[in-house]
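Working notes, structure below.
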Amino acid sequence: MSIKKLASQTLWYGVSSIIARFINYLLTPYLTFKFSESQYGEMSMVYAFIPFMNVVFTYGMETAYFRFSTKENKDDVFNTTSISILSSTMLLSFVLVLFYKPLATLLQIDAHPEYLLLSAAIIGLDTLTTIPYARLRQEGRPRKFAFTKLFGIIINIVSLYFFLSICPRWLADNPNHWCGRFFIKDWAVGYVLLANLIQSVITLFLLYKELLGFTWKFDTRLWKNMMYYGMPLIVAGFAGMINETFDRIMLGWWAPVHSVAEAKAEVGIYAACYKLSILISLSVQAFRMGAEPFFFKASTEQNAPRTYARVMKFFVITLCIMFLVVAMYLDIWKYFIRNPRMYVGLRVVPILLLANMFLGIYYNLSVWYKLAHKTMAGAWITIIGAVLTMFINYFFIPYYSYMACAWATFACYGSMMVVSYVWGQKHYRIPYAWKKLVAYILISVAFYFIHRGIVLVNPGKFVNLGSATLLLSVFLWFIGKIERKELLQIPVLNKLVQ
């Protein structure tokens, strides 16, 4: 498979995923306007818990499905995976419901333990769509993948707007309105979860053909091999969630404040500002959607390592551009947060942008242990990052609040990137142009600091935007000059550099 094919699939999967997450991103101004810092923090803590359970519920089966579909009978793999996921989801959902009250206490939402019941339903339904979505990707059917993703998120937004804006407006005009029979005034976070649940139900319905397309033929031998391959990914995924979302929960526990409400407010500020690093996260997600099937298919080609190296180069260039676009225009992006009291947390954004850049590079590097069938290596690398995250947060959150979370994320993903590169080159050598890539990253960071220096000397709005635009243009010109030969081989881009 060519890089052009990867770009095409990444575009389809990425457009749907990016638009879906970007629409969610556009909800940030709406939710920060509707919610107090404490409410936004409470919502963020619940949504930090859900990804942990997603890892447990899927237990590496998605990646195992891609891996074994290339070397086993595809129908047998789909049947066995579907039966396994369906059975385990029913069991794990029951366990989650059974312990929802202690979990609510752990997440500091004792007043609303029902949030955990809604979360359990969301997690279970989303898990059931995992393999149908994987099959669409594996079979190269990105259009249906994109449609279901986008339609689901539209349903989510419409539902959310109905609960948080339309119902209160109707009741304000007419206290006896029919929606008053079910509407609860102070249940804001609950309505976010309810809208998400409605989305999950609709999405599952749209994927019913793929969901019910399996036959009850369970291959025990195949399942054991898939579990052996996928189980280390649970450890890696769970540690990954510690790195990615657990800092919100730890911040709620250990923030240097005097009450639970103040701690939730700190979480809300950090979570809202974290959203501003989402553009790099979107690029990473889009890449992962297209790259995972691509890497496994390309592994049979003779020049696969060289292809992976070229992919890495263009990926890093994209991330550097994204970093500059967000970091240097932060005074514009900040208006996506409609609560000015949250602007105090904006200083974490450049740190988190770099951290997510490291994470994206790590995902690209992770091809070596997936292809070499050494998934336990991925688990160990992620565990190293998780231990570092826990250590920094435990010792520094009580003194530096969410700044400790940001630097912990930076240190975590940076260490994972370095360890994966060094380890991977010993087992599956790929000729990455690492000196050039490091130079691109350092140059983009240097441009950011030059911009900040200019703004500190002259903080005017036009100077701010002018210097950002000039430096970004210089960086793009520099990349175009250095990578001219490579860019000429890519359709569309070749017209820009000729």
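The values are calculated or read from the model by the stated rules, or taken from the named source; none is laboratory data. The shown structure was predicted, so the numbers you read here are calculated from the model rather than taken from an experiment. In this analysis, Cβ positions are derived from the backbone assuming ideal geometry, glycine residues included, and neighbour counts consider all displayed protein chains. Note: accessible area is taken over every heavy atom of the protein model, side chains too, but ligands, DNA and RNA are not part of it. Shrake-Rupley method; radii C 1.70, N 1.55, O 1.52, S 1.80 Å.
Of the listed requirements (1) over 30 Å from Tyr394 (Cβ atoms); (2) in contact with a helix residue (DSSP H, G or I) (Cβ under 8 Å, 6 or more places away or on another chain); (3) without any contact (Cβ under 8 Å) to a residue 40 or more places away in the chain, Asn458 misses just one: (2).
Among residues of the stretch 370-385 that are farther than 19 Å from Ala411 by Cα and open to solvent by 30 Å² or more (accessible area, probe 1.4 Å), those with a beta-carbon under 8 Å from a residue that is at pLDDT 75 or above and not in a helix (DSSP H, G or I) at least six positions away or on a different chain give the pairs Ala372/Tyr428. Total residues in the stretch 238-265 satisfying the condition of being open to solvent by less than 20 Å² (accessible area, probe 1.4 Å) and out of contact with any Asp or Glu (no Cβ under 7 Å at 6 or more places or on another chain): the figure is 9. Residues of the stretch 123-146 include at least one that is open to solvent by 40 Å² or more (accessible area, probe 1.4 Å), free of Cβ contacts under 8 Å to residues at least 24 places away in the same chain and not in a loop (DSSP other than H, G, I, E, B). When Lys426, Lys461 are checked against the criterion of being at pLDDT below 95, under 30 Å from Ala372 (Cα atoms) and open to solvent by 30 Å² or more (accessible area, probe 1.4 Å), Lys426 stands alone in meeting it.
Scanning the stretch 78-115 for residues that are in contact (Cβ under 8 Å) with a residue 60 or more places away in the chain, in a helix (DSSP H, G or I) and open to solvent by less than 40 Å² (accessible area, probe 1.4 Å) yields Phe78, Asn79, Thr80, Thr81, Ser82, Ile83, Ser84, Tyr115.
Checking every residue in the stretch 387-406 against the condition of being hydroxyl-bearing (Ser, Thr, Tyr) and touching a Cys at 6+ places or on another chain (Cβ under 7 Å) gives at least one match. Consider the stretch 199-237 and keep the residues that are more than 17 Å from Tyr59 (Cβ to Cβ), assigned to a helix (DSSP H, G or I) and charged (D, E, K, R). The one that is least open to solvent (accessible area, probe 1.4 Å) is Glu210. Taking (1) open to solvent by less than 10 Å² (accessible area, probe 1.4 Å); (2) farther than 28 Å from Pro431 by Cβ; (3) under 22 Å from the mean Cα position of the chain (by Cα) in turn, Met390 satisfies each apart from (1).
Of the candidates Tyr191, Tyr228, the single residue that is within 22 Å of His112 (Cα to Cα) and not charged (D, E, K, R) is Tyr191. Within the stretch 178-187, which residues are outside any helix (DSSP H, G or I) and open to solvent by 40 Å² or more (accessible area, probe 1.4 Å)? Passing the criteria: Phe182, Ile184, Lys185, Asp186. Taking the stretch 393-412 as the range and being open to solvent by 90 Å² or more (accessible area, probe 1.4 Å) and within 19 Å of Tyr362 (Cα to Cα) as the test, only Trp407 passes. Among all positions in the stretch 188-198, there is no residue which is modelled with pLDDT of 90 or more, loosely packed, with under 15 Cβ neighbours inside 10 Å and either over 30 Å from Tyr400 (Cβ atoms) or in contact with a Lys or Arg (Cβ under 6 Å, 6 or more places away or on another chain) (or both).
Taking the residues in the stretch 323-345 that are aromatic (Phe, Trp, Tyr) and outside any loop (DSSP other than H, G, I, E, B) as candidates, determine which candidate is surrounded by the most Cβ atoms within 10 Å (Cβ to Cβ). For the stretch 323-345, the residue satisfying everything is Phe323.
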